[in-house]
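Scroll down for the structure; my scribbles are underneath it.
None of the figures in this text is laboratory data; all of them are computed from the coordinates on show. These figures come from a predicted structure and were not determined experimentally. Cβ sites come from the backbone with ideal geometry, for glycine too, and all protein chains shown count toward neighbours.
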């Protein structure tokens, strides 16, 4: 039944009747443009990109300012940041802390954030780009609330909408949360604030 698509894995050893779709982010011309510039200069570099604009479909209150998240292998983050600055992206920031986010980042309608890509992150292919799977996005916005502060008041809606609409592998989500040191906290959040069944949050 799993091979026929009738069952889907939602956790380790836990299956459900498949009536949801996988999350496929929309095409982003600006992402593609920036991605081409980076990969032209760093052809062998692993680059993961996404736009927080994607999350508007998950939220009640729509955000008017967006972040383009650019994650690369840790040794290349600083080099990529300075490359983008040299290309004229004055709205690019390298791993900003809370003060930089508050004072500078949100003065732009769209900002580029360059970060280090955690190994074994849940990723997928979008055309010729690598983008995060929904499981990674959910964990990241939970773990880095000072960066994704525009989502803080919408976390409950985001997680519930993601669970209602999309096929989420909670084993993948929780393994990644564990790698980020937030597995216990995200389980407690989901149990207290979402409609996700507790038996799959292990």
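For the chain, the relative contact order works out to 24 percent when only alpha carbon pairs closer than 8 Å and six or more residues apart are counted.
Taking segment 88-127 and a reference point 7 angstrom along Cα→Cβ of residue 75, the backbone N atoms nearer than 17 Å belong to 116-120. A crude spin-label estimate for the pair residue 57 and residue 193, with each label 7 Å from Cα along the Cβ direction, gives 2.2 nm. Three semi-axes describe the equivalent ellipsoid of segment 85-190; taken as square roots of 5 times the Cα gyration tensor eigenvalues and ordered largest first, they are 25, 17, 14 Å. Note on residue 125 and residue 146: their simple-model spin labels are 3.8 nm apart, each label 7 Å out from Cα toward Cβ. Using only the alpha-carbon atoms of the chain as identical scatterers, what base-10 log of I(q)/I(0) does the Debye formula give at q = 0.09, 0.15 Å⁻¹? Once normalised to I(0) and log-transformed, intensities are -0.35, -0.97. Residue ranges 111-121, 175-185, 21-31 sort as 111-121, 175-185, 21-31 when ordered by packing (mean number of other C-beta atoms within 10 Å per residue, highest first). Between helix 183-193 and the chain there is an angle of about 70 degrees, using the helix long axis and the longest principal axis of the Cα atoms.
With springs only between Cα atoms under 10 Å apart, run a GNM on the chain and tell me which of 56, 41, 169 wobbles the most. Comparing 56, 41, 169 in the GNM, the peak value goes to 41. Between 158, 147, 187, the GNM of the chain built on Cα springs shorter than 10 angstrom shows 187 fluctuating the most. Spatial offset of segment 15-91 relative to segment 135-200 amounts to 19 Å, using the alpha carbon center of each.
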